[in-house]
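The values are calculated or read from the model by the stated rules, or taken from the named source; none is laboratory data. This one's a predicted model, so the numbers in the text were calculated from it and none came from an experiment. Note that each Cβ is placed from the backbone with ideal geometry, even for glycine, and that neighbours are counted across all protein chains shown.
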Amino acid sequence: MQEKLASFSIKNWADDDRPREKLVQKGSSVLSDAELIAILIGSGSRNESAVELAKRILASVNHNLNELGKLSVNQLMRFKGIGEAKAVTIAAALEMGRRRRLEDNVKITQIKSSHDVFELLYPLLGELQHEEFWVVYLNNSNKVVHKAQLSKGGITGTLVDVRLVLKQALELGAVGIILAHNHPSGTLQPSKADKQLTQKLKMASEALDIKVLDHLILSQQQYLSFADKGIL
């Protein structure tokens, strides 16, 4: 039985089938998602190779790496052949990828379109399982001077303090603000509360010569812009 298990280890594969050697010889970009995960886990179970195991894990999340990144260590360990060490390795690798994207998006300093806002905030909001409300503060050149989380857990008038938003805008010398929150459900349809809150902040801001430039609703890989849709 031990001999059979060993045959599924990557080091025993033919040279052409070894993802580690393939990465060294051809670069990481040519490897499939399953091959990259196979390198992380090193070996499969008694009945399947590491790549086959990786394919099975990916199939459970519809081959969506963002969904895979949401799985906890305990959820990963439910797959036969994935123990705690392998589960921790997968979770750590995906978290590193998320942080890399976050660092890349820190370079976005000037907002020229709604897509820039999406790229700036997606690493913070896109994969969350709960709602958060954020505000991006801009100067008169539409450069980002600050971004801040205002509430967590839901969007209602009681959770978003309009006075706090405007107080911070004045302290920062911001002349424009962009509102954003995520919908973990994946729907991009703005709710009645979303629209009411947007109008409440817009009216209060105008009195101080501060403009609400947009309100984005984010989900995985997608977003809705109030400004783009003409509903601001």
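Pairs are defined by a Cβ separation below 6 Å, a sequence spacing of at least 6 or placement on different chains, a first member in the range 56-82 that is farther than 19 Å from R98 by Cβ, and a second member that is modelled with pLDDT of 85 or more; the pairs so defined are M77/A87; F79/I57; G81/L53; I82/L76. Scanning the range 107-136 for residues that are over 22 Å from V162 (Cβ atoms) and more than 13 Å from the chain's Cα centre (by Cα) gives K107, I108, T109, Q110, K112, S113, S114, H115, D116.
The criterion of being hydroxyl-bearing (S, T, Y), over 23 Å from the mean Cα position of the chain (by Cα) and at pLDDT 75 or above holds for S43.
Out of D116, D33, one residue alone is touching a helix residue (DSSP H, G or I) at 6+ places or on another chain (Cβ under 9 Å) and either surrounded by fewer than 18 Cβ atoms within 10 Å (Cβ to Cβ) or under 23 Å from I217 (Cα atoms) (or both). It is D33. In the condition set (1) of a type outside the set (D, E, K, R); (2) under 19 Å from V117 (Cα atoms); (3) without any contact (Cβ under 8 Å) to a residue 24 or more places away in the chain, I217 is compliant with all but (3).
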